[in-house]
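Just below is one structure, and these are the notes that go with it.
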Amino acid sequence: MSVVNELEKFGKYVVQQSKSNLSKKKKKDTSNLYNGIKFEVTKEKDSTTLSFDFGTANDYWQFVDKGVKGVSSSAKAPNSPFKFGTGTGKGGGLTKGINGWVARKRIQFQDRKTKQFLSYKATAFLIIRSIWNKGLETTNFFTKPFEQAFKRVPDDIYAAYALEVEEQLKVRLK
């Protein structure tokens, strides 16, 4: 048992559960986020570090995890630190993402009166307007597995760390 091994187990569990959560919640459209989730354990002389990476979705993952409050309502993500309409985010991300999603999924709404199909652009506009006003739902796809693993693992890491310290003391005392 070593600190590196315990952190490796921790990282594997969090990544596996996060990917499982994305699949269950149907958040795998392009799979950029799903495929981008990775972890790395780095051991140096005086420290061992565990870091998570989300690939090309390094900004986007937080919005999926924490959700985003809407302009009119925060019911979908009441505890989210993010909110549409604050002017602090990168402009055009929602529009670009939804336009691509609507085209990939070939989603077209029908006009209620004429029964004609709307263009992809018009359909995307209606979806964007709804998301902008109501927000994005919190998924906690990463937060929950991380917290579960953290509750389970500390005792193992403390024990492994204690063994490593004991070994280092033996070497230095000789």
Residue set Val68, Val64; condition of a type in the set (A, V, I, L, M), within 14 Å of Phe142 (Cβ to Cβ) and surrounded by 12 or more Cβ atoms within 10 Å (Cβ to Cβ); output residue Val64
What residue, among those in segment 42-73 that are modelled with pLDDT under 90 and in a loop (DSSP other than H, G, I, E, B), is farthest from Lys134 (Cα to Cα)?
Lys45
Which condition number in (1) crowded, with 18+ Cβ neighbours inside 10 Å; (2) assigned to a loop (DSSP other than H, G, I, E, B); (3) touching an Asp or Glu at 6+ places or on another chain (Cβ under 9 Å) is the one that Lys76 fails?
(1)
Regarding Asn21, is this residue part of a helix (DSSP H, G or I), crowded, with 17+ Cβ neighbours inside 10 Å, of a type outside the set (Gly, Ala, Ser) and within 18 Å of the chain's Cα centre (by Cα)?
yes
With respect to the numbered conditions (1) surrounded by 16 or more Cβ atoms within 10 Å (Cβ to Cβ); (2) part of a helix (DSSP H, G or I), which one is the sole condition not fulfilled by Phe39?
(2)
Residue count for segment 117-155, restricted to those that are in a helix (DSSP H, G or I) and either farther than 17 Å from Leu94 by Cα or basic (Lys, Arg) (or both)
15
Flagged pairs (Cβ under 9 angstrom, 6 or more apart or on separate chains; first in segment 103-115, within 16 Å of Ile127 (Cβ to Cβ); second polar (S, T, N, Q) and loosely packed, with under 11 Cβ neighbours inside 10 Å) are Gln110/Gln116
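The values are calculated or read from the model by the stated rules, or taken from the named source; none is laboratory data. These figures come from a predicted structure and were not determined experimentally. A quick note on method: Cβ atoms are made from the backbone with ideal geometry, for glycine too, and the neighbour counts reach across all protein chains shown.
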